[in-house]
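Asker: Pasting in a structure now, in C-alpha cells, and then I'll have a few things to ask.
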Amino acid sequence: MTALEPSDAVVADETADRADTDGVLGRSYRALSVGIVSVVLLIAFEATAVGTAMPVAARELDGVSLYAFAFSGYFTTSLFGMVLAGQWSDRQGPLGALTAGIGAFAGGLVVAGTAQGMWVFIAGRAVQGFGGGLVIVALYVVVGRAYPERLRPAIMAAFAAGWVVPSIVGPLAAGTVTEQLGWRWVFLGIPVLVVFPVALALPQIRRRAGGPVVEGGQGVFDRRRIRLAFGISLGAGLLQYAAQDLRWVSVIPGLLGGALLVPAVLGLLPRGTYRAARGLPSVVLLRGVAAGAFISAESFVPLMLVTQRGLSPTLAGFSLAAGGVTWAVGSWVQARPRMEPYRERLMTVGMVLVAAAVAAAPTVLVSGVPVWTVAVAWGFGCFGMGLVIASASVLMLRLSAPAEAGANSAALQISDALSNVVLLAVAGAAFASLGGGSMTGAAGSGSHPAAFAAVFLPMAGVALVGAWVTTRLRDL
C-alpha cells in the first residue's frame, strides 16, 4: 500500500460515516431498500388484484356463502407462519424465512388459480397465507437489524408507498383480465412477478441482516411457541368454519377453536395485551384492532358494489384505488421528524378517520347515494391507516431489544392476522345469517342490504375502540 492509498480502517470509517448520514435511498441503503420494497410491492399487487377478482371467483365456484373464508383462510395459516418466522429469524436470520415464504406465496397462487371448487381455492389461499406470514415478519426483522432507528419511520413509509402503484394499477389490470380472460389468470399471472424481488432483495439481506442475533446456542426452536402457533392457527380455522356453517352442530368446532385460541394468544402476545396494558401490549393490540376492523370491512366493499349497485369487477375494485395513495400519504406524514412528538395523537386521529370511513361505506346501499362516496370515504380511511399502521411498527421496534425483534414482530403480525380472522368470522356469520350468501351477480337480484350493514357498522364500532387504545401507547 502506498502513502496515497487509504488503509482498510480508513475505508471502513468512511463507510460507517456515510451509513450514519445516508437516507433509505442513500448509497449505503439503496439496494436493500429497493429490494425489500419490491417484495412489499409484490404482496400489494396480489392483495389488490385478488380482491378485485374474488367476487367473480366466488360466484363461478359456487362459493359466495364461503366468501369471508376465502379471505380469513389466508390470515389463519399466516398465524403459524408468523410465529415460525419470528423463531427462525431470531435464531438463524431472516433470509431463510423470507425465501421459503416467497416460494409458498407463489405456490398458493397457483393452487388457487387452478382450483375447480371453493374449498380447493380456499386451500390455495391458505398456502399463500403461510408464505405471507413468513415474509412479513422476516421483513420487519430486516428493518430492525439493517436500519438505524432514525430511518425506520422512513422505510415504513416506503413500504406504504409500495402499495400506491398496485392500488391504482392492480384493480384495473385485474378487472380487465377477469373480464377478458377469466379470474384464474389473475392468480396464475402474479407468480411471474416473484423473480425480480427475490433476485434483488436476498443478496442484500444476506449481507446486512443475515445470521442470528447472538452467536452460539441459537439453533433450537422454542417448541412450546411452535405448539402454541399451531394451536392458534387451528383454533382460528375452527372458529371461522363454525361462523360460516350456521348450524347447531357448528357450536362444537366453535368451542374447540376458542379453547385452542385462548391459551395460544396468552402465550404468544405480550403480557397484558388483552387488557390494553400500557406500552408494547397496547401497541400490539392496536395493530390488531385497526387491521381487523378495516380489512374485514374492505373485504366486502367490492362484493357490495357488484351485487347491490351493479358495478363491473373493474370499477368495483378501482373504487378503492385512491386508498393506496392516501395510505402512503399518511405513512409519509408520520415519518416526518417534526411529527415524532405527536405520534400517539396522530394515531388517535387515524383511528377516528378509519371509523368514519367504515361507517360511511354502506350509505351506498341507498340508491340515491352516488357510488363514488365509497371511494372518497375509503381515501380518508386509508389515510388514517397509514398514520396508524406505520406508527405501530415504529413503536414496536423502538420497544424491542435486538434479540426480541423477531418475536415482537411476530406478535404484532399475529395480532393483525388473528383480529382479521376473528372479525371476518363475525362479519361472515352476520352476512350469511341475513341472506348474503344467496346473492347473485345482478344488482338488486337477491339483494340483502341489511347483510352488508351488519358487516360495516360493527366494524366502525371496533375502530372507535381502537381510538381509545391509542391513549394507552405511552408507557407512563
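The values are calculated or read from the model by the stated rules, or taken from the named source; none is laboratory data. Here the structure is a predicted model, which is why all the values come from computation and not from measurement. Glycine gets a Cβ as well: all are built from the backbone with ideal geometry, and neighbour counts include every protein chain shown. Side chains are part of the model used for accessible areas, which takes the heavy atoms of the whole protein and leaves out ligands, DNA and RNA. Shrake-Rupley method; radii C 1.70, N 1.55, O 1.52, S 1.80 Å.
Asker: Right, residue 325: over 15 Å from residue 455 (Cα atoms), open to solvent by 20 Å² or more (accessible area, probe 1.4 Å) and β-branched (Val, Ile, Thr) or not? So that I can check it myself, show each step before the final result.
Answerer: Details: over 15 Å from residue 455 (Cα atoms): yes; open to solvent by 20 Å² or more (accessible area, probe 1.4 Å): yes; β-branched (Val, Ile, Thr): yes.
Here the answer is yes, as residue 325 does meet what is asked.
Asker: Tell me which residues, restricted to the stretch 392-409, are modelled with pLDDT under 80, among the small types (Gly, Ala, Ser) and in a helix (DSSP H, G or I). So that I can check it myself, show each step before the final result.
Answerer: Taking the stretch 392-409 and keeping what is modelled with pLDDT under 80, we get 401-407.
Still in the list and also among the small types (Gly, Ala, Ser): 401, 403, 405-407.
403, 405, 406, 407 - these are the residues of the stretch 392-409 that are modelled with pLDDT under 80, among the small types (Gly, Ala, Ser) and in a helix (DSSP H, G or I).
Asker: Return the only residue of 261, 266, 238 being assigned to a helix (DSSP H, G or I), of a type in the set (A, V, I, L, M, F, W, C) and surrounded by fewer than 16 Cβ atoms within 10 Å (Cβ to Cβ).
Answerer: Values: 261 fails: surrounded by fewer than 16 Cβ atoms within 10 Å (Cβ to Cβ); 238 fails: surrounded by fewer than 16 Cβ atoms within 10 Å (Cβ to Cβ).
Every option except 266 fails the conditions.
Asker: Enumerate the pairs (first residue in the stretch 400-427 and in contact (Cβ under 8 Å) with a residue 24 or more places away in the chain; second residue anywhere and small (Gly, Ala, Ser) and not in a helix (DSSP H, G or I)) with beta-carbon separation below 6 Å, excluding pairs fewer than 6 apart on the same chain, so at least 6 apart or on different chains.
Answerer: 408/400
Asker: Quick check on my filter: what residues within the stretch 278-295 are open to solvent by 20 Å² or more (accessible area, probe 1.4 Å) and under 16 Å from residue 360 (Cα atoms)?
Answerer: Correct list: 295 only.
Asker: Give the stretch 1-33 a look and list any residue that's part of a helix (DSSP H, G or I), open to solvent by less than 60 Å² (accessible area, probe 1.4 Å) and at pLDDT 55 or above, or say none.
Answerer: Selection gives 31, 32, 33.
Asker: Look at residue 234 and say whether it is touching a Gly at 6+ places or on another chain (Cβ under 6 Å) and modelled with pLDDT of 75 or more. Let's see the steps before the verdict.
Answerer: Numbers: touching a Gly at 6+ places or on another chain (Cβ under 6 Å): no; modelled with pLDDT of 75 or more: yes.
So residue 234 does not fit the description; no.
Asker: Cβ-Cβ distance below 6 Å, separation of 6 or more or different chains: which pairs start in the stretch 298-309 with a residue that is at negative phi and touching a residue at least 40 places away in the same chain (Cβ under 8 Å) and end on one that is among the aromatic types (Phe, Trp, Tyr) and open to solvent by 10 Å² or more (accessible area, probe 1.4 Å)?
Answerer: Pairs that qualify, where the first residue is at negative phi and touching a residue at least 40 places away in the same chain (Cβ under 8 Å) and the partner is among the aromatic types (Phe, Trp, Tyr) and open to solvent by 10 Å² or more (accessible area, probe 1.4 Å), are 299/71.
Asker: Return the residues of the stretch 301-322 that are open to solvent by 20 Å² or more (accessible area, probe 1.4 Å) and not in a helix (DSSP H, G or I); say none if nothing qualifies.
Answerer: 310, 311, 312, 320
Asker: Let me ask you something else. If you go through the stretch 381-396 one residue at a time, do you hit one that is under 20 Å from the mean Cα position of the chain (by Cα), buried (at least 23 other Cβ atoms within 10 Å of the Cβ) and more than 26 Å from residue 471 (Cβ to Cβ)?
Answerer: no
Asker: Another question, then. Of all residues in the stretch 437-476, how many are under 24 Å from residue 275 (Cα atoms) and either at pLDDT below 95 or of a type outside the set (Phe, Trp, Tyr) (or both)?
Answerer: Step one: of the stretch 437-476, the residues under 24 Å from residue 275 (Cα atoms) are 457-476.
Now restrict to residues that are either at pLDDT below 95 or of a type outside the set (Phe, Trp, Tyr) (or both): 457-467, 469-476.
Of the residues in that region, 19 qualify.
Asker: For the stretch 198-220, how many residues meet the condition of being farther than 17 Å from residue 146 by Cα and modelled with pLDDT of 70 or more? I'd like the intermediate steps shown before the answer.
Answerer: Quick first cut of the stretch 198-220, residues farther than 17 Å from residue 146 by Cα only: 198-199, 215-220.
So of that shortlist, the ones also modelled with pLDDT of 70 or more come out as 198-199.
Residues in the stretch 198-220 being farther than 17 Å from residue 146 by Cα and modelled with pLDDT of 70 or more: 2 in total.
Asker: Output yes when any residue across the stretch 60-83 is within 18 Å of residue 144 (Cα to Cα), touching a Phe, Trp or Tyr at 6+ places or on another chain (Cβ under 8 Å) and in contact (Cβ under 8 Å) with a residue 12 or more places away in the chain, and no when none is.
Answerer: Here is the first cut: in the stretch 60-83, the ones within 18 Å of residue 144 (Cα to Cα) are 82-83.
Okay, now just the ones that are also touching a Phe, Trp or Tyr at 6+ places or on another chain (Cβ under 8 Å), so none.
No, the stretch 60-83 contains no residue that is within 18 Å of residue 144 (Cα to Cα), touching a Phe, Trp or Tyr at 6+ places or on another chain (Cβ under 8 Å) and in contact (Cβ under 8 Å) with a residue 12 or more places away in the chain.
Asker: Taking the residues in the stretch 34-63 that are buried (at least 24 other Cβ atoms within 10 Å of the Cβ) and of a type in the set (S, T, N, Q) as candidates, determine which candidate is farthest from the chain's Cα centre (by Cα).
Answerer: 52
Asker: Which condition number in (1) charged (D, E, K, R); (2) touching a Phe, Trp or Tyr at 6+ places or on another chain (Cβ under 9 Å); (3) open to solvent by less than 40 Å² (accessible area, probe 1.4 Å) is the one that residue 298 fails?
Answerer: Here residue 298 meets the rest and fails (3).
Asker: Condition test on residue 127, is it under 22 Å from residue 389 (Cβ atoms) and at pLDDT 85 or above?
Answerer: Values: under 22 Å from residue 389 (Cβ atoms): no; at pLDDT 85 or above: yes.
In short, no.
Asker: Given the structure, is residue 233 crowded, with 19+ Cβ neighbours inside 10 Å, within 30 Å of residue 85 (Cα to Cα), of a type in the set (S, T, N, Q) and in contact (Cβ under 8 Å) with a residue 12 or more places away in the chain? Don't jump to the end; show me each part of the working.
Answerer: On the way: crowded, with 19+ Cβ neighbours inside 10 Å: yes; within 30 Å of residue 85 (Cα to Cα): yes; of a type in the set (S, T, N, Q): yes; in contact (Cβ under 8 Å) with a residue 12 or more places away in the chain: yes.
So residue 233 fits the description; yes.
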